[in-house]
1. Would you be able to say whether some residue in segment 294-305 is closer than 21 Å to A232 by Cβ and either within 16 Å of the ligand (Cβ to nearest atom) or crowded, with 24+ Cβ neighbours inside 10 Å (or both)?
2. Wholly within segment 174-244, which helices (runs of 4 or more DSSP H) include no fewer than the required count, namely at least 1 residues that are modelled with pLDDT of 90 or more and under 30 Å from L315 (Cα atoms)?
3. Please verify whether G410 is at positive phi, within 16 Å of the ligand (Cβ to nearest atom), surrounded by fewer than 17 Cβ atoms within 10 Å (Cβ to Cβ) and at pLDDT below 80, treating the condition exactly as stated.
4. Restrict the check to segment 131-142 and report whether at least one residue is part of a helix (DSSP H, G or I), in contact (Cβ under 8 Å) with a residue 24 or more places away in the chain and over 30 Å from S33 (Cβ atoms).
5. Please go through segment 255-269 and give me each residue that is touching a residue at least 40 places away in the same chain (Cβ under 8 Å) and either away from the ligand (no atom under 16 Å from the Cβ) or of a type in the set (D, E, K, R) (or both), ordered by number.
6. Would you mention how many residues in segment 424-448 are farther than 24 Å from K259 by Cβ, surrounded by fewer than 18 Cβ atoms within 10 Å (Cβ to Cβ) and within 12 Å of the ligand (Cβ to nearest atom)?
7. Has segment 270-292 got at least one residue that is in a loop (DSSP other than H, G, I, E, B), within 16 Å of the ligand (Cβ to nearest atom), in contact (Cβ under 8 Å) with a residue 12 or more places away in the chain and not aromatic (F, W, Y)?
8. Please state which of the following conditions N159 fails to meet, knowing it meets all the rest: (1) at pLDDT below 90; (2) more than 21 Å from G228 (Cβ to Cβ).
Amino acid sequence: MDMSLKSSGTRSEQRDETLNAGLQWEMTFHPSSSVFVAQDSEGLVIRNLQEWQPALRNTVMAYWHFQGGKDKRLYAVTDAFSQNNGQLGISDARYVNALKIVLQAFSPVEYCAHKSLIRVARVSGDCGWQTDILQQAVDHLRHSQIEVHALSHFNKYFNGMHSYVETFDHHWLMAVAKSYADDLLSAGPLESLVAVCFAYTQVIGKVLYVPFMSAAADNGDMSTAAAGFTAASDKVRHHCNGLELIGLLVQQDPANLPKVQAWIDKWFWRSVRLSSLIAIMQDYMLPVRTQSWKECWLTYVQHPLQQLFTQWAALGIQMPASWQHACEMQEHVSHQTWLRLCRYNIQLPLHVWAPGEAELNWLSSKYPGSFDAMFRPHLQGLAHQIHHARAPVDHSSPVLCGTCQLPVPGMDHAGTQSGSAALQDRYFCGLHCQGIFNTEPQKHSAQARRSAALAAWRMPDTAGNDGGLFGGSQDDINFQHWNGEE
Ligand SMILES: [Zn+2]
C-alpha cells in the first residue's frame, strides 16, 4: 500500500475511512468489470457502491480485536461447561434433540452463508463494500465453528451427532436446509446477498439466536447459549448493515426494484419453510418452556418486518407476496411438523416423543382455539399408541416438495412412491413453492433430483441408535443412569 497513515492526530472517522473504503485502487491491467463481475450480472444497474456508508462499519483491525475478545469469553464458558460435566445439569435428555437439529441443519447453512458471502465480497468492486461483506462472511464461518465446538461436548454423550455433515447432505429431514443452502450457493452474487442479509437474517437468524438460545440457558445448557449469544451480537451488525444495503441496491436505479422485490419474495418464503424446524424445537423439544413458536414469530419476525416494510414503502418495496399465508400458517406449522416426525420416527437422526398432559395444556394455552380442536386429539392418540406398544412404524420416505424439500401435506400415505416419481410429477407444498420453481425450473429440477439421489444414500451403521422414540432410547437410559434415576 503506497498510502501513508498517521496514527496520531487523525480523527477516528477519517482513519476508519482510510482503512476501509480508502484501500480502493483502480485496475490498470484488466478492465474492472472483468474482475468484479457482480456489478454487471443479474440485470441490476449498479451506479455507485461508494454511496454506502453503513451505520456499523468496522476496520479489519477493529473487527479482529472485537471478535477475538468475544471468542476468549465464549471459550471460557464452553470449556468450563465441558470440564464440569455440564451435560448432567441440563433439564432433560430430550432437550439434546433440539441441539441435533441445530447441528445437522443450521450449522451447515451458516457455513454455506459464509461461502456465499465470501464469493459476493470477491466479485464486488468497491473496497468498503467488500470489507463489510467479508466481515459478515467471516461471522457466518465463526457461527458455524462455534456451534460445532459448543455441541461437540454433547456428541461425546448422546447419539445422533456423529455424522452431522452426512446427515445434512443425505437425510430427507435435512433436505429443506440442504436445498436452501444449494439454492443460496447457486444464486447470483446479488441475489444471495439479498437472501442472506434480508431473509436469512430476519427470519432464521433472529428466532434461532435470540429466543432459542435464551431457552438453551433456561434448560441448563450454557455452552450452546454462550455460542448463541456471541453470534447474536454479530447478527445486530448484519441486521443494520444488511437492510441498508438492500435499500442501496434499490436506490441505484428504478429498474432494480422488480428484481430485488422478486428476491425478497422468494427468500422470505424459503426462510419461512426452513423455520418450521425451529418451530418444533421451540414448541416440542424444550423441557423448560418460555415462549411458544407463535410468540417467537410475532415478536421477532412478524412485528419487526411489518415496521421494516412500512419504512421500505418509500423505496417502493412491498410486503412479500406470501406474507399473509406465512403469518397464518404459524398457528399450526409446529404441530403438523411434529406429528409428521413422529410418524417417521424410526428413520430420523434424532428422537421424538408424545408430549405429556402438562405439555399439551401449555400448548393449548399458547394456541387457543386451534390446538385443542385440531392437534391435541392426534397427540393424545399418539401417546395412547406408544403406551400400548403400537407406536407408528413407517419405513417409507415422504414425498418432498419440488422447491422447499419439506414433505408435501396430504402425501404421507404415498407409501412406496419414490422421490423420482415425485420429481416427474413435481409435487409442491403450495402455490408459493410452485411459483419459485416456475421462475427457474431447470435449477430447481436439478436440486430436487440431487436431493432424491442423496436421500438414497445409506447412513453409517452407527446410526442405529439415533432414531426412534425417545422413551427407552440409549440417550434416555444413559441420562437416567447418570443422574441415579434408574
Ligand atoms: Zn414447498
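The values are calculated or read from the model by the stated rules, or taken from the named source; none is laboratory data. The structure displayed is predicted, hence computed values, not measured ones. Glycine also receives a Cβ, built like all others from the backbone with ideal geometry; neighbour counts cover every protein chain displayed.
1. yes
2. On the way: elements: 175-186, 189-194, 213-218.
By residue number, 175-186, 189-194.
3. Working: at positive phi: yes; within 16 Å of the ligand (Cβ to nearest atom): yes; surrounded by fewer than 17 Cβ atoms within 10 Å (Cβ to Cβ): yes; at pLDDT below 80: yes.
Here the answer is yes, as G410 does meet what is asked.
4. yes
5. A255, N256, L257, K259, V260, Q261, A262, W263, I264, D265, K266
6. To start, the set of residues in segment 424-448 that are farther than 24 Å from K259 by Cβ comprises 424-427, 429, 448.
Adding the requirement that they be surrounded by fewer than 18 Cβ atoms within 10 Å (Cβ to Cβ) leaves 424-426.
Checking the rest, the ones that are also within 12 Å of the ligand (Cβ to nearest atom) come to 426.
Final tally of qualifying residues: 1.
7. Residues of segment 270-292 that are in a loop (DSSP other than H, G, I, E, B), as a first pass: 275, 285-292.
Now drop any that are not within 16 Å of the ligand (Cβ to nearest atom), which leaves 275.
Cutting the leftovers down to in contact (Cβ under 8 Å) with a residue 12 or more places away in the chain gives us 275.
Right, trim to not aromatic (F, W, Y) and you get 275.
Yes, segment 270-292 contains at least one residue that is in a loop (DSSP other than H, G, I, E, B), within 16 Å of the ligand (Cβ to nearest atom), in contact (Cβ under 8 Å) with a residue 12 or more places away in the chain and not aromatic (F, W, Y).
8. Single failed check for N159: (1).
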